Amino acid sequence: MSVLEIRSLNKVYVDDYTGEEVPAIGDVSFSVEQGEFVSILGPSGCGKTTVLNIIAGFIDPTGGEVLLNGEAISGPGPDRGVVFQSFALFPWKTVLGNLTFGLKMRRIPRREREEIAAEYLELVGLSGFERRYPHELSGGMQQRLGVARVLAIEPSVMLMDEPFASVDAQTRMKLQEDLTRIWQDRRPTIFFVTHDVDEAVFLSDRVIVLSQGPSRVREIVEVDIPRPRRWDELIEDPVFRRTSHRIIELLSAPADVEDRSDAATP
Amino acid sequence: MVQATTARPRTHVLSRLTSAAWFVFPFLVLLAVWVIVLDVFEIPERTFPAASSVWDAAVAMTLDGTLVAHLVASLQRVVVGVGLAIATGIPFGLLMGLNRAVATFFAPLLRFSVALAGIAWIPLATLWFGYGEGAVTFIIWNSVFFAVVYNTTLGVGQISEDLKRAAATLGSGRVRLLTEVLLPGALPSIVTGLRVGMGYGWRGLIAAEIIATNLGLGYALFLAQKYFETDVIILSMILIGLIWLLTDRLLLAPLERRTVRRWGMQQGVE
Amino acid sequence: MATDTVEERGSATVPWTRRTASALTRSKTVRTFGPFLPFVLLWWVVAETGMFPSAFFVGPDVVIAKFGELLRTGVLTGYLWDSTVRLAVGAAWGLAIGLPLGFLIALSHRARRFAWPLLLFFQAVGDIAWLPILIIWFGFSLTSVTFVIVYTVVFPLMVSIVAGIDAIPRDMLRAARTLGAGRRNILLEVVLPGSLPAIASGIRTGLGYGWRALIAAEIIVGTSGIGFMMFDARRAGQVTEVFVGMIILGVLWYLTDALLLSPMERETVERWGMVRKPGGPR
Ligand SMILES: Nc1ncnc2c1ncn2[C@@H]1O[C@H](COP(=O)(O)OP(=O)(O)OP(=O)(O)O)[C@@H](O)[C@H]1O
Ligand SMILES: [Mg+2]
């Protein structure tokens, strides 16, 4: 059984004020397996964030269903941890306070919380910063805290919406390498939204490519690149290049491209 | 955002109507509570007037012209006081924002004065200008002036150095810099200052009129209290509330929105 | 700014005048009171020239002498105490009423719909306009004065809380929910701390209005207090006491700000790096 299963998802926004209808998602189906890293990619405004928000339970779909471990979801919950583009750290809590927030909600005793926290701080390289407040960290460190905060509650699936979009290019590459390392180490199930083709290929096992909104799944591209992955090695890698190229083609060409059968999988 | 359908104007009007209804509804409830409570507890007119008495007072005072006289007197003072404050406050604020020396000299005094502005000046104002027009106008001027100066200075200070340099490289002289960059750049802050200052000014006006005049809404309150005319008191209070609400919502808030939001500048809105 | 870095560079090469100057600017007392010196000097000179008749305008020396006299006779301490207690009691009640009501209106959709228009209206009526009817109800008493102060504190506080809670980033609330926080925890751990900057600025605005209302009430209701002292002096044509009163009011506000409001904000909002609003004058 898949951890996450999306069936014929459909979303039409209704503008509260004008009553206007905005179709965002046409018909989207896919599934994510245990321990898999899946990215979703598509043109701007095609509904990627909408898909993630529906899975997270922040908004309701107009049609279709979301099954988590075979059961329909209702509202947000700790079984689906979210890493936000805006970090969404609590400024009034220290690094430790932010990291242990989810554990505290689960009524885990303080001592145990701090033991778990130490482990995850180590994992994301934030040991020694426990007492700092978020604004005293760099952007990259803040997002590492955002990732650790979710990892610590061990959700069934981790949802990430363009988590590295607001840090500088070099920090982003570092964060991407850190994320693959952590993923290999812990094997969380990750659903990752991005608009960056290289990022999607670098990180994922599979990349879901959406069409222009109201979106459908245009193709699901398998990324057959061995791990551990590092940028200095991959940048020249022919499989990496071919896969990226294939996705760029899918994104830029008119709808008939999806009928071509020479997929990137070699 | 996408295709504007024909359904749009109708729902638009409808939603405006419902929100207007929702705005009026609480006041109707309040009115009902007023009528019922007075009736059930048999509260004497001397303590709290019946809604009908307030209405009668409004009609009577409108007919004999006193209401208009009070209203006109108060509004006139506000217009003159605020006009003077804008005419003096903005140039002074710009000067402070531009000149370090002036700013350093006046800054502590300014902070002191902003904290005091308005009502605290009533004793001194009446001493200097005597009871009457001069003192009241001074109070309004003073409430608005300090708030406008303070916020203009703040606004000019927040204009980025790059913007000034950009204007300079595009060939603007000192005067042009003032009119094309500094004034519009500081405008959102100035409007905020105006809004806050007028809040103080309006209260100051009422207090000053109670203490120092023989015409105006504040004076009407004072006179009514002397003769226990609760109906006139409540009427004046309602008018005071209405006038300020209308000024703030129809004039100041839209002005602030138009400058602050339109230009996407962020500013504390109180 | 630029001069600072120059001074920092090896003190041996810097002339002693510069060094004392920079030592002076670092001293907290000098920084707080220093800026007032040139101004007091100017004030003194203007008064000495006799530009204005002494019935309208007096110099700092006269004011200080009067201040000493009022202190010795004990009038000032009594009035000061009265005013402070009134403001403190009014502010305490204002907080006790405004905080829960503000949160109720901010958090409950229904309460907000119903109360918001009323809130706007009653805020617009303004504290001072209530004085006449209050005098009819409660006479020239402490109740009337306290009522007015409570009124002034409550409304800006409620409006600020509503604005503050609305301004909490949506992602922050969503993050808390995906981390497993229920309604109670979202309120305690997110909404409450998240609205602190707004509460702080609401208290600031409220006290600013309350302060003015107190003075007006003391003038109009007039039995004791700094406002009463000033107006009483004005009736007797004693400009010196009016000056003393105004300076005391200014200093008191400075103290309230320095000892109460600023530390409160430093410990919370600024420490957490939450953006402080540029805000209006205090
Ligand atoms: N709350 C909303 N109300 C109305 N329309 C909305 C709302 N949120 C999103 N939309 C519309 O739905 C469509 C999909 O939006 P969404 O944010 O999911 O796109 P996206 O793929 O995440 O885009 P991006 O790559 O720019 O982040 C867009 O056309 C957008 O304008
Ligand atoms: Mg998006």
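Given the residues C:D127, C:D82, which is the only one that is open to solvent by less than 60 Å² (accessible area, probe 1.4 Å) and within 11 Å of chain B (Cβ to nearest Cβ)? If you could, list the steps in order and put the result at the bottom.
Numbers: C:D82 fails: within 11 Å of chain B (Cβ to nearest Cβ).
The conditions single out C:D127.
Within region A:130-178, being more than 23 Å from A:L96 (Cβ to Cβ), within 16 Å of ligand 1 (Cβ to nearest atom) and part of a loop (DSSP other than H, G, I, E, B) holds for A:E162, A:F164, A:A165, A:S166.
Among residues that are in a helix (DSSP H, G or I), surrounded by fewer than 24 Cβ atoms within 10 Å (Cβ to Cβ) and in contact (Cβ under 8 Å) with a residue 40 or more places away in the chain, B:L94 is included. Tallying residues that are within 16 Å of ligand 2 (Cβ to nearest atom), closer than 17 Å to A:V83 by Cβ and out of contact with any helix residue (DSSP H, G or I) (no Cβ under 9 Å at 6 or more places or on another chain) within region A:23-49 yields 2. When we screen A:E36, A:E5 for residues that are within 16 Å of A:V217 (Cα to Cα), touching a strand residue (DSSP E or B) at 6+ places or on another chain (Cβ under 9 Å), away from chain B (no Cβ under 14 Å) and surrounded by 15 or more Cβ atoms within 10 Å (Cβ to Cβ), the only hit is A:E5.
Matching residues to (1) more than 25 Å from C:D171 (Cβ to Cβ); (2) open to solvent by less than 20 Å² (accessible area, probe 1.4 Å); (3) of a type in the set (A, V, I, L, M):
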site	(1), (2), (3)
A:D16	no, no, no
A:I55	no, yes, yes
A:E71	yes, no, no
A:V82	no, yes, yes
A:W92	no, no, no
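In region B:126-160, which residue that is small (G, A, S) and not in a helix (DSSP H, G or I) is nearest to the other protein chains (Cβ to nearest Cβ)? Here the answer is B:G130.
If only residues of region C:201-241 that are within 7 Å of chain B (Cβ to nearest Cβ) and charged (D, E, K, R) are counted, the one that is least open to solvent (accessible area, probe 1.4 Å) is C:R212.
Taking region B:117-136 only, how many residues are open to solvent by 10 Å² or more (accessible area, probe 1.4 Å) and hydrophobic (A, V, I, L, M, F, W, C)?
So in region B:117-136, the residues open to solvent by 10 Å² or more (accessible area, probe 1.4 Å) come out as B:121, B:127-134.
Next, only the ones that are hydrophobic (A, V, I, L, M, F, W, C) stay: B:121, B:127-129.
Of the residues in that region, 4 qualify.
In summary, strands (runs of 3 or more DSSP E) completely within region A:1-70 and bearing 2 or more residues that are within 12 Å of ligand 1 (Cβ to nearest atom) occur at A:4-14, A:21-32, A:37-41. Out of all the residues in region B:97-108, which are open to solvent by 40 Å² or more (accessible area, probe 1.4 Å) and assigned to a helix (DSSP H, G or I)? Selection gives B:L98, B:R100, B:A101, B:T104, B:F105, B:F106, B:A107.
Which helices (runs of 4 or more DSSP H) does region C:184-272 wholly contain that include 1 or more residues that are modelled with pLDDT of 85 or more? Step through it out loud before you land on a result.
Numbers: elements: C:196-221, C:226-235, C:239-255, C:262-265.
The helices (runs of 4 or more DSSP H) meeting that bar are C:196-221, C:226-235, C:239-255.
Results for (1) within 12 Å of chain C (Cβ to nearest Cβ); (2) under 25 Å from B:I139 (Cα atoms); (3) within 21 Å of the chain's Cα centre (by Cα), shown as yes or no for each residue.
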residue	(1), (2), (3)
B:D162	no, no, no
B:T169	no, no, no
B:T179	no, no, no
B:L182	no, no, no
B:L187	no, yes, yes
B:G204	yes, yes, yes
B:L223	yes, yes, no
B:Y227	yes, no, no
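Here region C:242-259 is the region considered, the condition is being buried (at least 24 other Cβ atoms within 10 Å of the Cβ) and either in contact with a Pro (Cβ under 8 Å, 6 or more places away or on another chain) or among the hydroxyl-bearing types (S, T, Y) (or both), and the residue that is nearest to the other protein chains (Cβ to nearest Cβ) is C:V242.
Pairs meeting the criteria (first residue in region A:37-50 and more than 26 Å from A:T180 (Cβ to Cβ) and β-branched (V, I, T), second residue more than 6 Å from ligand 1 (Cβ to nearest atom) and part of a strand (DSSP E or B), beta carbons under 6 Å, at least 6 apart or on different chains) are A:T50/A:K11; A:T50/A:I25.
Would you check if A:S74 is among the hydroxyl-bearing types (S, T, Y) and either within 16 Å of ligand 2 (Cβ to nearest atom) or farther than 20 Å from A:I153 by Cβ (or both)?
Details: among the hydroxyl-bearing types (S, T, Y): yes; either within 16 Å of ligand 2 (Cβ to nearest atom) or farther than 20 Å from A:I153 by Cβ (or both): no.
For A:S74, the condition - among the hydroxyl-bearing types (S, T, Y) and either within 16 Å of ligand 2 (Cβ to nearest atom) or farther than 20 Å from A:I153 by Cβ (or both) - is not met.
B:T247 fulfils the conditions (1) in a helix (DSSP H, G or I); (2) open to solvent by 10 Å² or more (accessible area, probe 1.4 Å); (3) touching a residue at least 60 places away in the same chain (Cβ under 8 Å) except for a single criterion, (3). Being within 16 Å of ligand 2 (Cβ to nearest atom) and either among the hydroxyl-bearing types (S, T, Y) or surrounded by fewer than 17 Cβ atoms within 10 Å (Cβ to Cβ) (or both): is that true of A:P109 here? No. Can you name the condition, by its number, that C:L87 falls short on among (1) buried (at least 22 other Cβ atoms within 10 Å of the Cβ); (2) over 19 Å from the mean Cα position of the chain (by Cα)? Tallying (1) buried (at least 22 other Cβ atoms within 10 Å of the Cβ); (2) over 19 Å from the mean Cα position of the chain (by Cα), C:L87 fails exactly one: (2).
The values are calculated or read from the model by the stated rules, or taken from the named source; none is laboratory data. Being a predicted model, the structure only gives us computed values, none of them experimental. Quick reminder, even Gly has a Cβ in these numbers, built from the backbone with ideal geometry, and neighbours come from all protein chains shown. Quick note on the areas: whole protein, heavy atoms, side chains included, nothing else; ligands and nucleic acids left out. Shrake-Rupley method; radii C 1.70, N 1.55, O 1.52, S 1.80 Å.
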